[in-house]
Every structure is written in structure tokens, then in C-alpha cells.
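What follows is calculated from the coordinates using simple rules that are stated; it is not laboratory data. Given the structure is predicted, the values throughout are model-derived calculations rather than measurements. No Cβ is skipped: glycine too gets one built from the backbone with ideal geometry, and neighbour counts run over all protein chains shown.
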Amino acid sequence: MFIEEVIADGFKSYSTRTNIGTFDKQFNAITGLNGSGKSNILDSICFVLGISNLQQVRVGNLNELVYKQGQAGVTKASVTVTFNNSDKASSPVGYEMHDKIVITRQIVIGGRNRYLLNSHNVQQNQIQNLFHSVSLNVNNPHFLIMQGRITKVINMKPPETLSMLEEAAGTRMYENKKAGALRTLEKKQTKVEEINRLLAEEITPTLEKLQKERANYMLWVSNNNEMERLQRFCTAYEYCQVKHRLENKNQQLEEMEQSVSQLVSTIKALTDRDTAVQREIKDRTLSRDKARGNELKKLEDEHSKLSKEIASTESKLKNKNSELKSQIEGLKQSSSAVGELRKQMEQKEKVHEKEKAKFDALAQQEAGTKKEIEKAQWSMQALTAGMSEEPRSEDGECQGRSLREELLDAQTRLATMDSEQKKKNMAITSFKDRIASAEQVMTRSKQDGNRLAKEQTATEAFINQRKAELAKMSFDSETFGKLQAAARQGESAWHSMQQQLDSLRSHLHGIDFSFADPYRGFDRSTVKGVVAKLFHIKPDFAHYHRALEVCAGGRLFFVVVDNEDTAKALLEKGQLKRRVTIIPLTKINDHSVSQQVVRQAKNIIPSQAEAHLAMEIVGFEKEVMSAMKYVFGSVMVCDTPETAKQVTFHPSVRVRSVTKEGDLYDPSGTLTGGSAPKGGNLLMKLQELSTLEQKVHNQRKEYDQVCAQLTQMQAAGSQFSALDRELKCKEHELALVLDRISRSEHHSAEQSVQEMKGQMKQFQEEIANQPEEKKELEKKVKQFEKDIKNLDSSREDRIKYYEKQVVQLKQSAQQHVDKLEKQREKAEQAQVELEVIRNEMLAQEGKDQDTGKGQESLAAEMEQMTEGLQKKKESYEAAGAKLDQMRNDLKSLDATLGSLTEELASNKQQREEKELEHKRVVHKIQQLQKDDKESHVVVARLEQEHPWIVKEKTFFGKKGTDFDFEANSYQENKAKCNDLSAKQNKLSKNINKKAMIMFEKAEQEYKDLLSKRDIILNDKCKIEQVIHDLDEKKTETLRRVWTKVNKDFGAIFGTLLPNATAKLEAPAGMDETEGLEIKVGFHGVWKQSLTELSGGQRSLLALSLVLALLLFKPAPMYILDEIDSALDLSHTQNIGHMIRTHFPHSQFIVVSLKEGMFNHANVLFRTRFVDGTSTVTRYAIRDESDRVEVPGKEIDKDAASKKRKAAALGA
């Protein structure tokens, strides 16, 4: 198999589809300038071969293989290599039928990567297996030497050099198989350890436990047999006793029946006498009760009532008498006091009138003096300003202006008044005409106005009635409206929450457990529910929710009940809709991790790490603790994988642990993890479901409360709404009526008439008042004209006169002020004293008048009370006499009834004694009859329950049998039987009736595990033996290959470099099967280190080793990239010639810049870099006639083909 053609598209510097070929099957050379894309051709071939070390192709990631990393619009790179497979001897295994094999590898920016094999998508491992079958392992290549790596071959460490020989010898594949076999050995050892653990921890303890249970079961069976023998003996004894009692009961029954007849006759006589006595007692009691109930009670009530009335009247009379005396005494005292007060009042009145007269006189003098002062001051100011001496009005009108100004003002006002009067007269005439026309309109439209007025009145009456009804209802419409809005909002919120809850429940349908009651009266509280709903994650550990899901696993959906009976009832009659696993709390075994182990786990981890027992981070009810131990008690949760590894695999802990991300570590060595568990965050969804259910419950509760309030107010609300609607309609009608009235012709005319009449009346009143005002103005005008003429004469003299008069008047006024203040105080004091005495006298007179009237009425009342008291005393004495007589009669009747009652009690006691005796006898008779019947029943029952009685009753009581009652005591055997029964009851609680079967099953399981362990150990020994045998064959093969390669290595190196030799030998302290290193000698002297060699010598040494390996087992192709860079022209010429002449059986693809190398090639490819992309041109240097034939190819072709087919069939 060799490369025929390479097609690169978007790969590195080849931006467009570029065909590189046809390749020669022997020697191909590639040359070109630096950077033109020579090595990229070799990189494309390695890319298809599946190289994983991208440094070999000089990139850091796959995206760099795309042309300019996708920045030039090219987003993918693909390389197609066509292999010629016409030589079936070198064909890959399984591909002999294909003459050509086309392999394509494509990558896309972003990471997509795919392989095509003959246009079919395949996996990468299939491509690698294809190349491995023809010794082309691109990840451990001896056929591939990339640019600058030729000398690295000799820098390899001894084990790496040995691996090249192993690859050439074909033993490398054996190492991979050996590693797989060793892993299988580890698994088998783990299985053996697991079997040993099962035997030690479960099977052996179970066997020991079942062995004890089997012994208890055998003892239980033995005791059952002994109990059956003793029960038969006791049953036979009891049967004989019952039969004996039946024979002795008839005589006792006859005697008891005679005694019963005598007792019956005695009881009958006593009963007849009791009846007669009771009748007589009843008659006498009836007459006594009648007298006592009617007459006696009436007399007692009347006597008691009179007694109370007499006492009350006497008390009232006494109080009235004392009150009358006190009033008479008080009246005498008050009359003398009133006389004294009257005298004092007359004196005070005289004093007050005298003082008041003085004060009034002084006040009048002071007022006159003030007016004279004001008049003098005004006159003085008017003369100074050129105005009139006298003021024109009391309120100061016209003050501050000259006489001429006032004259002009008065004349103007007089003219204005005349003009306004004329206008008002004209307006009055106009109003009269308009009112007449409007009244005609009103008369014409009066009928319509009355009709509208009636409608308005009726509507207003209806509205007032509805408002009164609404006010009486005391209904709060605002509250009702708020409640309706709250109800709508609450219902909407509740439905929304319920939809969310239903949606969440639909996602969590697996956690709902529905069942029907298995029987009537079933207690549903015995079913605790699904495990997932019985616990909650503590708030501080909410981030461990995924770990808890992994811990619980499928147990989250187990159902917890109180005991196995409930579980059985649910499974049989609960009508379950799906298969469930039920956990009875009474049957759970505690396998939880001990606290000592938990403490040990926490001690071995770092201080900042976390490790908790899963059960410690969840909360739950105490009653389901055993279920929580079953689910969470055997697992620990850790914060990181490192902590989990320490806890799981520590020798003193070894507990299953789970990380926060859900990775499960098992002490047996298994690790479960990766993607998140299916179903998402179940526990977080459960927490959300619980919160949402609480919210829905609260919202529903609020909604129900609002609905209840609405229901209470619904009737009143409906009535209120109806009335309110009617009211609003009527108010709207009223508004329409008012609008019609306001727009009606009658209303407009009436309104305009009223307005015009009002204005006309106002004008008439103003005109009527004008004549007096006009006369006053005319008078003022004349006076002003007169004053203006006299104003200039004697002004200065009069001003001095008025100044002197003002000073004198002010002095006089000051003296009057002092006298007036003193007189005011005296007058006010006299008035106060007079008022006090007057009020006191009036109060006393009113009191005396009331007292006189009360005295007269009190005397009349006392006289009436005295007469009534006398009559009541007479009635009281008569009633007392009648009451004493009746009491004496009742006493004699009570004595007679007492004697009859004593007789009746005596008879009753005798009758009760006889009846008691009769009952005892009858009871004995009934007991005997019952015993007789029971004895027959007991005999029948015993014979029915124990069929053996009929067959063996002939042996009852006979000596020497199992039923010898004399030799064997019934009491001892009964006690022995009871003891055995008690022991069996205790034993049966712990007995396992399936112990025999379970023991056999466990024993068989024990044997099976031992057999499996033996098989595994045997397989392990076989695998170890095969590995040992193959190791020997590998060693033998490696030694043979080493010998052959070492010989060729030295010969080739000596040919390329005369007087030099090379060899492969084991380093000191190592065997040739452990590692090889390269030694070089010149002229028989071996170099201590390869660092002494020049670059060219090192390249020749590495190339010699590759060619030596090629001679031993040629690969289909060899890829060499500038291996001659450090060689001179002669060495390059020699290597090119050696490749062409000595290695015609393999395809060489060589990149070189030297003619000495590529001139020996059959085909030459020249690369160029044009316009940012690489191009390739093919040149055929030699034709078919100038090729080197492959030696022995024609002869051995058929034999090699047969050998390859046989190898393929063997595989």
C-alpha cells in the first residue's frame, strides 16, 4: 500500500483545492523555497494518519490547521489521501477487496472533526486500526522524521530507543494487550476481594444466624408435639368431668322449683297489702296537699304580706313625723332671717341710688366738656384751613376740604341725581311693557309649566324615598366594592398559583403516591408518604442538593409506612396505579455509619474541607428516623473530589461518599459521575413545590374569607344595588326634567318676569327716597355759598379765642375725670352688695314657700297612713288565727300518713327479701339449666373440635394408657402445658418458620460464591501464565531483532561514514530488554558520549538507525523532512543513492533543498508561494525503465498474499 494522490483544501497555506500527485511508489522528493509549503504536504499526510501530537505538525490546536485560522473566509480544512492497494500482500487487514483506499479528514472552525473512509463516515479508532495493521503508528513513528527532528532519534532515552525496536518487531501491540490483561487481573482481584467481603460480612454471619434460627425452629417443633400430647390429656379429663356433671343435675332442679313456687305466693300477698296501703296513703296525701297547696299557702302568703305592710307603714309614718317636725322648726328660723335680709336690702338700695345719681351727673358733665373741646378744636382747624367753622356731619364727612370744593361737589351730586332719576323712570316704563308681554307668554305656556313642575315634584319625592331607604339599610357600598375587587384579585392570584403548582406537580408526578383505603376505617396517618416528601435540606447545606439526590437514588420514591401489615394491605387492596417499593418502619435494619467513623473521617480531611454524614444535613420528623437512616445513613457528602477520595479510601474509614457535583466514590474502587442525574434538581424542585403549596393554601384561605364576607353582604348588596340603580335612574330623570324646565318657554318667561319686577321695584324705591336727599343737597349748597362770603372776616381773633377755650376746657375735664373714677368705684361696690343681699333673700323666700307647701301635704299623708295601719293590724290578727287552726289539722293528718308509710316500708323490706331469695333460686335454676345446656354444648364442641375423642374415649381413665387420670395429675399436666405455651409464645416471636429453606438457600449461595471465587482465581492464574509465556516470547523476539538491527545499523553507518562503526547496547546495570543506547566508534575507538559528534555525523547516525529498522521490517512508506540539512553534498548524494537502490520495497517521501538528494528521486514536486497561497508542480525525473526493481517480488507475491489472508482469517 502506498500513497497515490493527496488533495488539500483550506489546509495551512493551501487555501484552495490543490491536487498533489501522482506519487511514485518508490522515491518521491519535494523541494521549493523556504515558506512555500513543502513541509505542509507532509503535515497534511500526518493529519490524515490521525496524529495527536500537534507539535509534530507545528501547531498548537486544530483551528490553526485552517487557512489563516478562518480569517480569510475559509472556515474548514480537509485533506484526502488516496492509497494504492493493488499489492494485496501489503494490504491492511480486512481491505483486500479494495484496490484503492480513499481517506478524508475534515475539521471546521469551532471543533467539528470527522473522517471519511471510501466516502463513508467512520470513527477515528477505525482509521488508526487500519494504519496499525500495516505498521503505521503515527503517534509512535519510526517511519516519520519531521523537520529538525532527525537528531532527536539519537537523543532518545534507552526505553524510547527500545520502543522503536518493539514497534519494528511488532511486540508493541503485545504491550497494549498486556496492559489490558493486567487491568483484567485487577478487576478479577477486586471481584475476589468483593466475594471475600461478602463471605465475611454477609454470607457467613447470615449462615450463623440462620443456623441458630434453625435450632430454635427444631426446638419449637418439639415443644409443639409435647404440647399436643398434654392438651389431649387435659381435654380428655375435662370431657369426662362434663359428662359426670350432666348425670347429677335433675334432682337439684326439682327441689329448687318447689322453693320458687312458695316464694312466689308469699311475694303476691305482700304485694296486695302494699297496693291497699299505697291507695290509702295516696288519698290522704291528696287531701293534705290540696289543703296545704291552696288554703294554707294562701293564708301564709296573706299573713306574711300583712306583716310586711304593717312594718313598712309604721316605718314610713315614723319617718314622716320626724320630717314634719324638722320642717316646722326650719320654717320658724327662716322667716326671721328673711325679715332681716329685707331690711338690709332696703338700706343698700337707698345707698346705691344715691351713689349712682352722683356718678351720672359727673358722667354728663365730662361728656359735655369733651364735646365743647372737640367743637372748639374743629372750629380752630377749619378757620386755619379756610373752611367752615362748624362740621358738616357727625361721621366726619366733608372734613379736610375747602368750602368751595364742598360746594362744587354738592352741585355735581345734585345734577347727577336728576339725571339718574330720569333714566330710572324710563327703565320702569320699559320694564312694564316687557313684563306685560312676558305674562302673555306665561299664560300661553302655563299648562306645560304645570306638567313639568308635577314631574319634578314626583321625581324628587321618589328620590327622597329611595335615599331614606338606602340610609336605613346602613350598607357600606365602598366596603362591598373593595371586597368584590379583592375577591376577583384573590381568585385570579389563586388560579395563577394553582396553574404553577399543577405544572410543577406534572414534572414531579413520580413523587405523588395515591391509594384507596384497603378497608373501612383505615388510618391514613399510618402511611407516612414518599421519602422525597418526608425530609428537607437544612438551609446551610442547600448546595448539597445534587449530592443528596445521588445518595438516595431510587430510594427517593420509596413509600414509608408504619409496619408490614399496612404495607401488605396497600399492596393487596390499595388499588395502586404503579409499582412501588414500600418500607415498613418496623422492619428496617440500621446500617448507618457510626459516629466514631464520622469523627475519624472529619479528622483526616484538611481543616477547610467539609465532610458530613448525609443524614446530618437533612431535617425530618422523629417518627421516620429509621427510614432516613436507611436512605442517608450509610453515605457521606463531601465538598470536593479530593475530600471524597480521602474519606472513601482511607483504611480506617472506607465509607461511600458523594461530592457536591454528584460524583460517587465507592470503597471497592468504582467511581460514578459525569453528567448531572436525569430529572434535574429534584430536591430543589420539591422545596419549590412545598413553598408554592403553602402559598396556594394561604391564598385560598384569604379568598375563602373574602367570599364568606361577600356571601354575608350579598343579599343586602343586591338590594342596595337595585335601590341604587333606581336612585341613579331617577336622579338622571330629574336632571333631564330640570333641563327641560330650564329650557321651557314658561320657565324662561317666569324667570325674566321675576328679574324685571325686582329691578323695577328697586328703581321705584330709589326714586321715592330721592326728594329728601335732594332737599338736603339744595340746603347745603345755599349754606356753603353763605359761609364762603363770611369766611374772611375776623379769622385771627376767633382762632385765639378757640385756643384759650380749649386750654380751659381741658383743665376742667381733667378734674372731672378723677372725681368720676372715684364715684364709679363707690357706685359699683353699692350695686354688688345690693345684688348679693337680693339674691340671698329671693332664695330664702323660695325655700320657705316650698317648705310650707310640703308641710301641708305631709300632714294629710300622715293622717291617711295612720288609718290604713289600723285596718291592716286587724286583718293580720284574723289571718293568724285561721293559720294556726289549719296547721293543727295538718299535723294530725301527717301522723296518720307516717304510720301508713312505716307499714309500707316494712312490707317493702319483706317483699324485697323474698324477691331476692326468689331471684337467687331462679338464678340457680337458670344456671343449672344453662350448665346443662352448656355441658351438652361443651360435649358437642369438644367432640367436634377434637374428632379423636370419639375414637379414643373408650381409653379415658384406663390404666396404662395415655389417659390414665390416676397415674397422671390433671393439675400438673395443665401447669406443664401452660408453661410450654408461654415458652412457645416467647419463642414464636423470634422463630423463623422459613429458617430451614433460608438456611439451605444461604448455604447454596455460600457454595456458589466459593465456586465463583475458585473460577476467578483459576482464570487469574491462567492469565498470569499466558503473560509469563508471552513475556518470554517477547524477550526472545526482541533479542533476535536487536541482533539483526544492530548488525545492519553498524554496516549502514560504516558505509555512509568510512572508518566508523555504530552499535546498540544495553546501558550499564540494565538488560537489552529494558533499554538500549547508541554507541559510536571511529577507527576502533568508542566515543563516551554522542555530544562529541558533529551535526552531520549525528544526522548520519540517526538515519542509519532508521534505515536499519527499515531493513528488518519495512513500513509501507517513510516520510523524511530535510534530514540532509546538516550533511555535505557527498553524504547527501550517498544517502539519496542508497534510498533509491537499496530500499525499493517502500515508498519514500522526502523534503530536501539539495540536488544530491532529489536528483535520485523518481518524481519531484516543486512548491511555490503565489498570491498568498501555495501551488505544486510535478516533474517525472525517471521513467519506468530507469526504476530499481523490488527483489524477489514476482517470486514471493503469491506466497505473501496467502500469508496475509491466513493472518486475516486468524484474526
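Once phi is turned into ³J(HN,Hα) by the Karplus curve 6.51 cos²θ - 1.76 cosθ + 1.60 with θ = phi - 60°, what whole-Hz value does each residue of segment 592-600 show in order, with x for glycine and proline?
For segment 592-600, the Karplus curve yields 6, 6, 6, 5, 5, 5, 4, 4, 4 Hz.
If you filter segment 661-751 for trypsin sites (Lys or Arg not before Pro), then keep DSSP loop positions with at most 16 other Cβ within 10 Å, what is left?
Lys678
Please work out, to two decimal places, the log10 of the ratio I(q)/I(0) at q = 0.17, 0.24, 0.25 Å⁻¹ from a Debye calculation in which every Cα of segment 6-63 carries one identical scatterer.
Once normalised to I(0) and log-transformed, intensities are -0.61, -1.16, -1.23.
Under 16 Å from the Cα of Lys538, which lysines turn up, not counting those fewer than eight places away in the same chain?
Lys622, Lys660, Lys685
Any lysines with Cα under 21 Å of the Lys454 Cα? List them, leaving off those in the same chain fewer than 8 positions away.
Here the lysines satisfying the reach criterion relative to Lys454 are Lys446, Lys467, Lys728, Lys730.
Ile109 to Ala181: extension gain in nm, 0.36 nm per residue of separation minus the Cα-Cα distance?
Result: 22.0 nm gained on full extension.
Kindly rank 1002-1013, 634-645 from highest to lowest mean number of other beta carbons found within 10 Å of each residue. Spell out each step's value before the answer.
Values: 1002-1013: 14.0, 634-645: 20.9.
Averaged packing, sorted descending, gives the order 634-645, 1002-1013.
Could you give the dipole magnitude of the chain about its Cα centre, charging the beta-carbon of Lys and Arg +1 and that of Asp and Glu -1, in debye to the nearest 20? Walk me through the numbers before you get to the answer.
Values: 185 positive and 179 negative charges, 759 e Å.
Charge dipole of the chain: 3640 debye, to the nearest 20.
Taking the Cβ of each residue in Met97, Met426 as the centre, tally the other Cβ atoms inside 10 Å and list the residues starting with the fewest.
Met97, Met426
Taking segment 548-613 on its own, what percent of its Cα-Cα pair distances exceed 17 Å?
61 percent
Mind pulling the angle between the C-alpha long axis of helix 158-169 and the longest principal axis of the chain? Nearest 10 degrees, somewhere in 0 to 90.
Orientation of helix 158-169: about 70 degrees from the principal axis.
Under 16 Å from a point 7 Å along the Cα-to-Cβ line of Ala461: which residues of segment 719-737 have their amide N that close?
Only 734 pass the distance filter.
Between Glu238 and Val922, what is the FRET efficiency for a Förster distance of 45 Å, r being their Cβ-Cβ separation, to the nearest 0.05? Walk me through the numbers on the way to the answer.
On the way: r = 28 Å, r/R0 = 0.63.
About 0.95, to the nearest 0.05.
Does the chain come out rounded, prolate or oblate by the C-alpha gyration tensor, with a ≥ b ≥ c the root eigenvalues, rounded set by a/c under 1.5 and, if not, prolate when a/b is larger than b/c and oblate if not?
Because a/c hits 1.5 or more and a/b fails to exceed b/c, the chain counts as oblate.
Rounded, prolate or oblate, given the Cα gyration tensor of segment 607-682, with a/c below 1.5 counting as rounded? List each step's numbers first, then the result.
Working: a/c = 1.73, a/b = 1.28, b/c = 1.35.
Oblate is the answer for segment 607-682, as a/c is 1.5 or above yet b/c matches or exceeds a/b.
Return one quarter of the surface area of the convex hull spanned by the alpha-carbon atoms of segment 512-680, equal to its mean projected area, in nm².
Here the figure is 10.7 nm², rounded to one decimal.
Testing the spin-label approximation: label points 7 Å from Cα along Cα→Cβ at Glu1065 and Lys212. State their distance in nm.
Result: 7.4 nm between the two label points.
I'd like the orientation of helix 745-790 relative to the chain: the angle between its Cα long axis and the longest Cα principal axis, in ° from 0 to 90, rounded to 10.
60 degrees
Fewest Cβ neighbours within 10 Å first, please rank Ser812, Ser135 accordingly.
Listing Ser812, Ser135 from fewest to most nearby Cβ atoms yields Ser812, Ser135.
Can you run phi through the Karplus equation (6.51, -1.76, 1.60; θ = phi - 60°) for segment 656-670 and list ³J(HN,Hα) in whole Hz, with x for Gly and Pro?
4, 9, 10, 7, 4, 7, x, 7, 9, 10, 10, x, 6, x, 7
So who's got an amide H within less than 5 Å of the one on Ile20, skipping anything under 5 residues away but keeping other chains? H placed 1.01 Å off N, in plane.
Val6, Ile7, Ala8
For helix 682-743, report the angle its Cα long axis makes with the longest principal axis of the Cα atoms of the chain; keep it between 0 and 90° and round to the nearest 10°.
The answer is roughly 40 degrees.
Out of the trypsin sites (Lys or Arg not before Pro) in segment 1072-1101, which ones are loop residues according to DSSP with at most 16 other C-beta atoms within 10 Å? Don't skip to the end; give the middle numbers.
Details: sites: Lys1079, Lys1087, Arg1098; in loops: Lys1087.
Those satisfying the criteria are Lys1087.
Pop out the ³J(HN,Hα) list for segment 177-182 in order, Karplus 6.51 cos²θ - 1.76 cosθ + 1.60 with θ = phi - 60°, rounded to Hz; leave Gly and Pro as x.
Whole-Hz 3J(HN,Hα) from phi for segment 177-182: 5, 5, 4, x, 5, 5.
For the pairs Lys424/Lys774; Lys191/Lys1034; Lys12/Lys68; Lys423/Lys761, note any where the Cα-Cα span goes beyond 18 Å.
Those over the limit are Lys191/Lys1034.
Which of the lysines could a cross-linker bridge to Lys974, judged by Cα under 21 Å and excluding same-chain residues fewer than eight apart?
Straight-line reach from Lys974, under 21 Å: Lys243, Lys953, Lys958, Lys959, Lys983, Lys986.
Is it possible to state the helix-based mean residue ellipticity at 222 nm for the chain, with each DSSP H run of 4+ residues giving -39500 (n - 2.57), the sum divided by total residues, to the nearest 500 deg cm²/dmol? What is it?
Dividing the helical sum by the residues of the chain leaves -23500 deg cm²/dmol.
Once you have the Cα-Cα distance between Ala905 and Glu193, take 0.36 nm times their residue separation minus that, and quote the gain in nm to one decimal.
Details: separation 712, 0.36 × 712 = 256.32 nm, distance 9.84 nm.
Full-extension gain reported as 246.5 nm.
With labels modelled as points extended 7 Å from the Cα through the Cβ direction, what inter-label distance (nm, one decimal) is found for Arg413 paired with Leu317?
That separation, rounded to one decimal, is 9.1 nm.
Compute the Cα gyration tensor for segment 592-725, then decide on rounded, prolate or oblate, letting a ≥ b ≥ c be the square roots of its eigenvalues: rounded whenever a/c is under 1.5, prolate when a/b is larger than b/c in the other cases, and oblate in all that remain.
Cα axes put segment 592-725 in the prolate bin.
With an 8 Å Cα cut-off and a minimum separation of 6 or more residues, compute the relative contact order for the chain in percent. Walk me through the numbers on the way to the answer.
Details: 1367 pairs, mean separation 305.9, N = 1211.
Reported relative contact order: 25 percent.
Along Cα→Cβ, 7 Å out, is where each label goes; now give me the distance between the ones at Arg444 and His1142 in nm to one decimal.
14.7 nm
Please arrange Met473, Met628 by counting, for each residue, the other beta carbons lying within 10 Å of its beta carbon, fewest first.
Met473, Met628
Using +1 at the C-beta of Lys and Arg and -1 at the C-beta of Asp and Glu, which of Gln600, Val66, Val1085 has the Cα lying farthest in the positive direction of the dipole of the chain?
Sorting the options by dipole projection puts first Val1085.
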